[in-house]
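Structure record follows, encoded as structure tokens.
The values are calculated or read from the model by the stated rules, or taken from the named source; none is laboratory data. Please read these numbers as outputs of a predicted model, since none were measured by experiment. Every residue, glycine among them, receives a Cβ derived from its backbone with ideal geometry; neighbour counts consider all protein chains shown. In case anyone asks, the SASA skips ligands and DNA or RNA and just uses the protein heavy atoms, side chains included. Shrake-Rupley method; radii C 1.70, N 1.55, O 1.52, S 1.80 Å.
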Amino acid sequence: MTDPVQPVRASLTLDPAFRVGPVDPRLLGSFVEHLGRCVYTGIFEPGHPAADERGFRRDVLDLVRELGVSVVRYPGGNFVSGYRWEDGVGPADERPTRLDLAWHTIETNAFGTDEFMAWCREAGAEPMMAVNLGTRGTQEALDLLEYCNHPGGTRLSDLRRANGAAEPHGVRLWCLGNEMDGDWQIGAMTAAEYGALAARTARAMKMADPRIELVACGSSHSGMPTFASWEATVLEQCYDAVDYVSLHSYYDPSGKSVAEFLAGAVDLDRSIEEVVATADHVGARLRSRKRLRVSVDEWNVWYVSRWDPASVTEWEQAPRLLEDVYDDTDATMVASLLITLLRHADRVGIACLAQLVNVIAPIRTEPGGAASQQTTFAPFAQIAAAARGSVLRVEPEVATYESELGDVPYVDATATYDEETGDLALVLVNRATDRPAHIEVDLRAFGDAYGGRLEVRLDPVSWQVVRPQRAPRPGS
Ligand code: AHR
């Protein structure tokens, strides 16, 4: 037992020779769903004083660029499983208003695919599109792909051109539906049914555009009764045709001690490893040399227990839904979850903080008013700005505490290193609730470059990104 009045003492060694894998910028992605005020009065609000002529809020775009998101998933989420993409293209005044059954909301379709692509260009982010495999199927997925990616000379590519997008949108990343195992999902199905549909759709989509990368739906979360068996059954059918399998992980602080809540990153750690093990098992059975990667395309802190779908009785446009307000503990958890994602950079290729604006998001807006940062903005932005090159293998020596998930280290850590620029970054979290952490970092494997060692002190329940400066080389 550690003396409670003493700081938690941790030590770790960084060595540029021991690497997990490259820092894929796609690990720092996010998610925009037609849900609540994420799109309407979030990223898009015609008439707002900060909006451009297309209705994109420039104040929000500034924050999105500062956040540093690399890839943005769209348009859902549960929304996509009832969505007709054709409703959201063409002249705005001819677009139909529809019922969105997923969120019991009126959808005007004022914002759609072409607006999203233009918005992504402004945000400097790569689009990641989801297709509707709930109420629709292979043909509609192919139609959207043709609309987005075919250069021209076909009905749907010419429609895109007529709608003002002369160049193809060139979307590389596509999700084959969303959470198709969940009984809340429109068109939810069994693993065998979804696996067959995902396989058919994936093969056809790659015939239309072989450059695309496809994400098959994994389980909605690791607590689903079919977790792992869902992945196995689905991948048995579509392994050859897809590139990623998805994992969604939300962490709810409600009703938990801070220590128990912060232990949740261990659950993410295990869930990633279990999905990888399941995918590799299928790969081995199929005698495939290909290895799938995991797309953690929804993750965050979410006060899920505060969300009562039955409370939404009226059909409204852009209602206030899931507008969680975050505190410093939530920000520490976000840093810890990012550490976990980076630590798995060898197998996790995409990760999307869900969501981007207003809906369980790091950015908040008021209609007609200001845009602001939540506490969770800073860890994401600082890590996105600092993480370059490769993720280093970091194994802190530190005491653990007991939790429902087993023993949890008080200190969580990862590091990235860019050999070319010399950019070194450490991300550190102290999970102890009652004392600071004192962390000694051994940097001798870098020679004299960073002075050999470093000491960092962290307050209880806090995070830090440390960027040691490289000493000037003699003669430079
Ligand atoms: O991000 C909110 C919702 O959470 C998404 O629509 C769904 O995919 C998940 O269950």
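Using only side-chain charges placed at the Cβ, +1 for Lys and Arg and -1 for Asp and Glu, the dipole size of the range 24-386 relative to its Cα centre rounds to 1100 debye. Applying 1/(1 + (r/R0)^6) with r as the Cβ-Cβ distance of Glu420 and Thr313 and R0 = 51 angstrom yields a FRET efficiency of 0.35.
In the range 1-91, a dipole from Cβ-located charges (positive for Lys and Arg, negative for Asp and Glu) runs towards its positive end, and of Val8, Tyr74, Gly90 it is Val8 whose Cα lies farthest in that direction. Here the accessible area is traced with a 1.4 Å probe on the protein chains. For the range 417-474, carbon and sulfur cover 42 percent of it. With both labels modelled 7 Å from their Cα along Cα-to-Cβ, the Glu402 to Asp328 distance reads 2.9 nm. In the context of the full set of protein chains, the range 24-386 has a per residue accessible area of 36 Å² (1.4 Å probe). Residues Ile212, Ile106 ordered from highest to lowest accessible area at a 1.4 Å probe: Ile106, Ile212.
By the helix-only formula, in which each DSSP H run with n ≥ 4 contributes -39500 (n - 2.57) and the sum is divided by residues, the chain has a 222 nm mean residue ellipticity of -8000 deg cm²/dmol. The apolar share of the surface of the range 24-386, taken as the fraction of accessible area on carbon and sulfur atoms (1.4 Å probe, ligands and nucleic acids excluded), comes to 51 percent. If only the Cβ of Lys and Arg carry +1 and only the Cβ of Asp and Glu carry -1, the dipole of the range 244-344 around its Cα centre is close to 1000 debye.
With a simple spin-label model that places each label point 7 Å from the Cα along the Cα-to-Cβ direction, the separation between Arg287 and Asp252 comes to 4.7 nm. Sorted on the mean count of surrounding Cβ atoms within 10 Å across their residues, most packed first, peptides 266-279, 60-73 read 60-73, 266-279.
Which of the three applies to the range 281-354, rounded, prolate or oblate, going by the alpha-carbon gyration tensor with a ≥ b ≥ c and a/c under 1.5 meaning rounded? It comes out oblate by the Cα gyration axes.
Ordering Leu247, Phe31, Leu142 by the projection of their Cα atoms onto the charge dipole of the chain, which places +1 on the Cβ of Lys and Arg and -1 on the Cβ of Asp and Glu, puts Leu142 at the extreme positive end.
For Arg347, no residue 5 or more places off, or on another chain, has a built amide H under 5 Å of its own.
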